[in-house]
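Since every read-out is calculated from the coordinates, none of them should be taken as a lab result. Quick caveat, the model's predicted, so the values are computed rather than measured. Here Cβ is always computed from backbone atoms with ideal geometry, including for glycine, and neighbour counts include all displayed protein chains.
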């Protein structure tokens with residue numbers, strides 16, 4: 001079974017699903033077109049399977065494809081993901097430290 005990511009606009013988050021089970025999410029706050037990712041989590045049962053990276057990869061692809069704005073990673077996981085994946089850095093609203 002392959003994971004899939006859905007953008008839950010009402011809850012301002014991207015959700016990671018495995019079949020009918022939500023196994024993770026990445027919350028954001030939209031501040032004038034800057035998506036500030038504040039929290040990311042994957043169910044502990046599913047950690048260590050690269051699901052967090054899949055979640056962020058698909059979230060960033062959606063942001064770019066739909067021109068939803070720029071990204072500011074507040075969540076430490078998202079900061080680390082972006083540093084490890086320099087192909088995402090063009091989405092930043094400002095320079096990472």
How big is region 58-97 on each of its three principal axes, counting only the C-alpha atoms and giving the largest first in Å?
-> 26, 18, 17
Computed over the Cα atoms, what is the radius of gyration of region 3-91 divided by 2.2 N^0.38 Å, N being its residue count?
-> 1.00
Would you mind checking the radius of gyration and Dmax of region 1-45 based on alpha-carbon positions, in Å?
-> 11.4, 37
R0 = 30 Å: FRET efficiency of residue 74 with residue 2, Cβ-based, nearest 0.05?
-> 0.55
Find how much the distance from residue 39 to residue 96 grows on full extension, using 0.36 nm per residue of separation minus their present alpha carbon separation; answer in nm with one decimal.
-> 18.8 nm
Extension gain, residue 65 back to residue 9 (0.36 nm per residue minus Cα-Cα distance, nm) | 18.6 nm
